[in-house]
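Scroll down for the structure; my scribbles are underneath it.
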Amino acid sequence: MSMIKVIVNGLDVTVPNGFATYEELVALSKEDGKYRPEKGHHSICYTKGPEGSREGTVLPKGFTVLEEGMVFDITDTSSKA
């Protein structure tokens, strides 16, 4: 499978070409590379996406088609209380 580079929270990441799920994207934003649903909700916004979906969001249980150079901003939005 071919690989492409995307940007996750300012860092270059190499991923398999195709698509990425919400869970896979959250894992890419973590230092240990693991998705833990019990750790809260995350907001995922992207730019430089594929034609027809240049900007958008990825919701839980959702996915997006990947494009070389896509930029993802992934933020932990869970309550810190």
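The values are calculated or read from the model by the stated rules, or taken from the named source; none is laboratory data. Just so you know, these numbers come straight off a predicted model, no measurement behind them. Backbone-built Cβ (ideal geometry, glycine too); neighbour counts: all protein chains shown. Side chains included, ligands, DNA and RNA excluded: accessible areas come from the protein's heavy atoms. Shrake-Rupley method; radii C 1.70, N 1.55, O 1.52, S 1.80 Å.
Which number in (1) under 12 Å from the mean Cα position of the chain (by Cα); (2) more than 14 Å from PHE63 (Cβ to Cβ); (3) free of Cβ contacts under 8 Å to residues at least 60 places away in the same chain marks the one condition that SER2 misses?
With (1) under 12 Å from the mean Cα position of the chain (by Cα); (2) more than 14 Å from PHE63 (Cβ to Cβ); (3) free of Cβ contacts under 8 Å to residues at least 60 places away in the same chain applied to SER2, the lone miss is (1).
Within the range 1-29, can you find the residues that are open to solvent by less than 70 Å² (accessible area, probe 1.4 Å), farther than 15 Å from GLU67 by Cα and part of a strand (DSSP E or B)?
Matches in the range 1-29: none.
Looking at the range 23-41, can you tell me whether even one residue there is modelled with pLDDT of 95 or more, touching a helix residue (DSSP H, G or I) at 6+ places or on another chain (Cβ under 8 Å) and hydrophobic (A, V, I, L, M, F, W, C)?
no
Among the residues of the range 30-81, what is the count of those that are among the hydroxyl-bearing types (Ser, Thr, Tyr) and either assigned to a loop (DSSP other than H, G, I, E, B) or over 21 Å from GLY10 (Cβ atoms) (or both)?
5
Tell me, please, whether a residue that is within 11 Å of the chain's Cα centre (by Cα) and farther than 20 Å from ASN17 by Cβ can be found in the range 33-42.
We begin by selecting, within the range 33-42, every residue within 11 Å of the chain's Cα centre (by Cα); these are 42.
Among the residues that remain, those that are also farther than 20 Å from ASN17 by Cβ are: 42.
Scanning the range 33-42 turns up at least one residue that is within 11 Å of the chain's Cα centre (by Cα) and farther than 20 Å from ASN17 by Cβ.
Taking the range 30-70 as the region of interest, how many residues are open to solvent by less than 40 Å² (accessible area, probe 1.4 Å) and either closer than 18 Å to MET3 by Cα or in contact (Cβ under 8 Å) with a residue 40 or more places away in the chain (or both)?
7
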